[in-house]
1. Identify all residues within the stretch 1-51 that are closer than 19 Å to GLY69 by Cβ, of a type outside the set (A, V, I, L, M) and at pLDDT below 90; write none if there are none.
2. Before we move on, is SER4 under 13 Å from the mean Cα position of the chain (by Cα) and of a type in the set (Ser, Thr, Tyr)?
3. From the list ALA66, ALA28, exactly one residue is assigned to a loop (DSSP other than H, G, I, E, B) and of a type in the set (Gly, Ala, Ser). Which is it?
4. Pairs needed: first member in the stretch 21-43, within 12 Å of PHE62 (Cα to Cα); second member anywhere, among the basic types (Lys, Arg); C-beta distance under 9 Å; at least 6 residues apart or different chains.
5. Determine if the stretch 52-67 includes at least one residue that is hydroxyl-bearing (Ser, Thr, Tyr), touching a residue at least 24 places away in the same chain (Cβ under 8 Å), surrounded by fewer than 17 Cβ atoms within 10 Å (Cβ to Cβ) and closer than 19 Å to LEU15 by Cβ.
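The values are calculated or read from the model by the stated rules, or taken from the named source; none is laboratory data. Every value quoted in this text rests on a predicted model; they were computed, and no experiment measured them. So basically every Cβ, Gly included, is an ideal-geometry build from the backbone, and we count neighbours across all protein chains shown.
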Amino acid sequence: MISSKQTVSTYAVMLGGGTLETMELSAAQAEGFECLICKAQCSTGAEAFVPVGRIPSVGSVFQCVACSGGAR
């Protein structure tokens, strides 16, 4: 399923601090299946996800714990 969501598009992302940023993301990243930074799929441990923002009309976006400052 993830392999079919690798098309990259431009999205307006509302980050947690209220900042609106334009980002180039794969569909998997935009739909919350992959980390915004490293593209890891959600798992457990360092690959667990934390929400970092929203794409209006698409949903929440996430970073893995490792990319958001956790241990690798």
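1. Within the stretch 1-51, GLY16, GLY17, CYS42, SER43, THR44, GLY45, GLU47 meet the criteria.
2. No, not satisfied.
3. Result: ALA66 is the single residue among ALA66, ALA28 that is assigned to a loop (DSSP other than H, G, I, E, B) and of a type in the set (Gly, Ala, Ser).
4. ALA28/LYS5; ALA28/LYS39; GLN29/LYS5; GLN29/LYS39; ALA30/LYS5; GLU31/LYS5; PHE33/LYS5; GLU34/LYS5
5. yes
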